[in-house]
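Working notes, beginning with the structure itself.
The values are calculated or read from the model by the stated rules, or taken from the named source; none is laboratory data. Everything numeric here is computed off the predicted structure, so don't read it as measured data. All Cβ positions, even for glycine, are placed from backbone atoms using ideal geometry, and neighbour counts span all protein chains on display.
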Amino acid sequence: MRLLRDLTNITFLELDVTSTKSIASAYRTVENQTGGKLHYLVNNSGAGFVMPLLDSDIEMGQHLFDVNVWGVVRVTQTFAPLLVRAKGTIVNNISTASCMGLPYQGMYCGSKAATRLMSETLALEMKPLGVAVVIVITGNIRTRWFSNYPKFELPGGSYFSSIAERIGVYARGEQGHPQMEANLYATKVVGDVLGGAEGTIWRGAQSTIVKFALAMIPTWLMSLGKGQRNPDTMTEPTKLIYQHDGEKLLHPSRIISIVPLPELPVADQALAKDSSEIEHAVITDSTIFYVQGGGQPADIGTMNSDAATKADSVFEVKSVRQPAQGSQVLHLGRFIPSGAIGFNAGEEVQQSVDSEIRSLHSRLHTAGHIMSLAIHALCREGIIPALKESKASHYPDSASVVFEGTIEGKHKDAIQAKTDEFVRSATPVKIHWWSMEELREKCYGVTEAFELPEGEVMGRVVEMEGLGSYPCGGTHVQDCSKVGKIVVKKISRSKGTSRVSYTVE
C-alpha cells in the first residue's frame with residue numbers, strides 16, 4: 001500500500017463495506033472524479049474465521065456474512081449506475097473454500113459459497129445491461145491474511161479440545177500449503193480482466209487442482225473409504241521429506257486414508273496395472289519415499305504401526321506415485337499378512353525406505369548429472385561441438401542422457417576421462433531452492449517449456465559445487481565420489497540427437 005501512495009494517478013478512499021454511509025460517501029467521490037462512470041469494480045474485501053461449527057459464535061458468523069456476502073451486495077448495488085453507464089466490469093474475488101466444505105471453516109466456506117452463487121446470478125442479470133462479471137476463484141496467496149484472524153481459542157467443554165492445537169494450525173495459516181506470491185497473483189488477475197475475461201477464472205496456488213477435482217471426481221467418490229479417511233487433512237498435499245533430507249531412511253508419518261485399489265479413480269488404478277502385489281493405496285501427511293518421476297524410479301520399503309497390538313502388521317510399499325488429480329502421494333502396495341488392514345486414519349506409522357535401492361537410485365541420478373556436466377565441459381573446451389541437453393533417464397539398466405546435436409563415437413573416451421576426473425574431485429553435491437530467474441540463469445537442462453509447479457515461486461536445484469547445476473527433485477549422494485565408478489557404455493545417434501548411455505559400478 002505504501003508503494004501506491006507514491007503514484008499520482010491513485011486516489012485512496014475510506015470504504016467500510018458494512019456501512020451504507022461509508023459506501024455512499026465513496027460513491028459520491030468516484031462519481032465526481034470520473035464523470036459518472038466506473039469501468040472496473042473489484043470486490044476484494046473479506047474476513048476469515050476458523051472454529052468448529054458446534055463452537056462457532058453466531059454473532060461472529062453474522063459479521064462474517066455481513067462482510068463476505070452482504071458487503072459485496074451493498075457495494076455492487078451502490079456503484080451499479082456508474083458501471084452500467086460505462087459498460088464496465090465487476091470482479092468478485094472468491095476463495096476455493098466456496099467449492100467445498102473444509103473442516104473448522106464452516107462459517108467461512110458458507111459465506112464464500114453464498115457469494116459465489118450470488119455472483120453467478122449477478123453475471124446473468126448484468127449481461128443484458130452490458131456489464132461483465134468476473135468471478136475469481138482464488139487459491140493460496142502469500143499475504144498477511146491470517147494475521148487479521150481473531151485469536152483462536154476453543155470454548156470450555158468443546159468436543160474438539162483434544163485436537164485444539166491442530167485446529168490452531170489452520171487458524172494461524174501454518175498448514176504448509178504452497179502459496180503464490182501476491183504480486184504474481186495480481187499480475188495474472190489483472191491480465192485476465194484487461195484481456196476481456198468473463199465468467200469464472202481460477203488463480204492462486206492449488207486453485208487448478210480444485211478446479212479439476214471438482215470436474216473429474218464425483219461427490220460419491222470423495223466419500224469412499226468412510227472410516228479410513230481423516231477429514232482434517234483430506235485436501236493437504238503430502239510433504240516430501242526427501243526433498244530436504246535425502247539421507248533420511250526412517251520417518252514417522254500420520255495416516256490420512258487407506259483406499260482399496262478398486263476404489264481409486266480409474267486413472268490411478270492404471271498406475272498398478274502391471275503389478276499383482278498392489279492391493280491398497282496408503283496416503284500419509286508426509287513421506288520419505290521418493291515419488292516416481294523426473295527420470296528416477298520410486299523408492300520401495302515398508303510402513304509399520306507403532307501400536308503394540310499391531311506390531312506384526314506391515315504395509316509393503318511397492319510403488320510411490322502422484323495421483324492423476326491432486327497432490328496427495330499414493331503409496332501403492334499390500335498389507336502383510338495378506339487381507340489385513342493394520343492401520344487407521346489418524347494413526348502414526350513408521351516409514352522405512354529400502355536403503356540399497358535408495359542408494360542405487362541416488363548414485364545413478366547423480367551420475368547422470370556428473371556425466372552430463374563432463375560433456376558440457378568438453379563442449380566449452382571445443383572438443384565436442386555445442387549441444388543442447390533435452391532429457392534424461394536414471395533407471396537401472398537404461399540410464400542415459402539425450403542431447404540435441406551430434407556426439408561422435410570417437411568422443412566416448414574423452415567423455416569417460418572427464419567423467420572420471422569429476423568423480424575423483426569429490427565435489428560436494430548441494431541442494432538449493434532458487435527463483436525461476438536464477439534457475440534459468442545458472443542451470444543446465446532448462447528447456448523453453450520448463451516451468452515451476454503452479455503456486456511455487458522457488459525451484460529445487462541440485463548443484464555439483466563448481467561444476468554446474470540442474471533443476472531436480474531427485475535424491476542424490478553427498479559428493480561426486482560417492483557415485484562409485486561411472487561407466488560410459490555407448491553413444492547412439494538418431495534424427496539429430498545423441499544418446500549417451502551409462503551405468504554405475
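Tabulated data
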{"item": "Selection from the stretch 367-395 of residues that are touching a residue at least 40 places away in the same chain (Cβ under 8 Å) and either surrounded by fewer than 13 Cβ atoms within 10 Å (Cβ to Cβ) or charged (D, E, K, R) (or both)", "result": "GLU389, LYS391"}
{"item": "Condition broken by ASN44, with the remaining ones in (1) under 38 Å from the mean Cα position of the chain (by Cα); (2) at pLDDT 95 or above satisfied", "result": "(2)"}
{"item": "Check on LYS430, of a type in the set (Lys, Arg) and either under 24 Å from the mean Cα position of the chain (by Cα) or surrounded by 16 or more Cβ atoms within 10 Å (Cβ to Cβ) (or both)", "result": "yes"}
{"item": "Leading residue by the ranking (surrounded by the fewest Cβ atoms within 10 Å (Cβ to Cβ)) among those in the stretch 237-267 that are under 23 Å from the mean Cα position of the chain (by Cα) and part of a helix (DSSP H, G or I)", "result": "VAL266"}
{"item": "Residues that are out of contact with any strand residue (DSSP E or B) (no Cβ under 8 Å at 6 or more places or on another chain) and not in a strand (DSSP E or B), drawn from the stretch 268-301", "result": "GLN269, ALA270, LYS273, ASP274, SER276, GLY294, PRO297"}
{"item": "Where a residue in the stretch 169-185 is not assigned by TED's automatic domain parsing to the domain that holds TYR149 and assigned to a helix (DSSP H, G or I) and its partner, wherever it lies, is among the basic types (Lys, Arg) and modelled with pLDDT of 80 or more, with Cβ under 7 Å and at least six apart", "result": "none"}
{"item": "Some residue of the stretch 95-103 being among the hydrophobic types (A, V, I, L, M, F, W, C), at pLDDT below 95, crowded, with 17+ Cβ neighbours inside 10 Å and touching a Lys or Arg at 6+ places or on another chain (Cβ under 6 Å)", "result": "yes"}
{"item": "Out of LEU117, LEU41, LEU82, sole residue that is farther than 29 Å from THR208 by Cα and hydrophobic (A, V, I, L, M, F, W, C)", "result": "LEU82"}
{"item": "Any hit, the stretch 122-135, residues being small (Gly, Ala, Ser) and surrounded by 22 or more Cβ atoms within 10 Å (Cβ to Cβ)", "result": "no"}
{"item": "Complete set of residues in the stretch 76-90 that are buried (at least 22 other Cβ atoms within 10 Å of the Cβ) and either among the β-branched types (Val, Ile, Thr) or assigned to a strand (DSSP E or B) (or both)", "result": "ILE90"}
{"item": "Criterion violated by GLY173 - all others in (1) over 25 Å from LYS239 (Cα atoms); (2) touching a Phe, Trp or Tyr at 6+ places or on another chain (Cβ under 8 Å); (3) modelled with pLDDT under 85 satisfied", "result": "(1)"}
{"item": "Of residues in the stretch 40-92 being free of Cβ contacts under 8 Å to residues at least 40 places away in the same chain and acidic (Asp, Glu), the one nearest to SER119 (Cα to Cα)", "result": "GLU59"}
{"item": "Exclusive hit being at pLDDT 85 or above, among the charged types (D, E, K, R), more than 27 Å from SER400 (Cβ to Cβ) and out of contact with any His (no Cβ under 8 Å at 6 or more places or on another chain), set ARG254, ARG229", "result": "ARG254"}
{"item": "Which listed residue, of GLU456, GLU441, is under 21 Å from the mean Cα position of the chain (by Cα) and of a type in the set (Asp, Glu)", "result": "GLU456"}
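To keep it simple, each residue is scored yes or no on (1) more than 28 Å from TYR290 (Cα to Cα); (2) assigned to a loop (DSSP other than H, G, I, E, B).
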site: MET371; (1), (2): no, no
site: ILE383; (1), (2): yes, yes
site: GLU389; (1), (2): no, no
site: ASP397; (1), (2): no, yes
site: VAL401; (1), (2): no, no
site: ALA414; (1), (2): yes, no
site: LYS418; (1), (2): yes, no
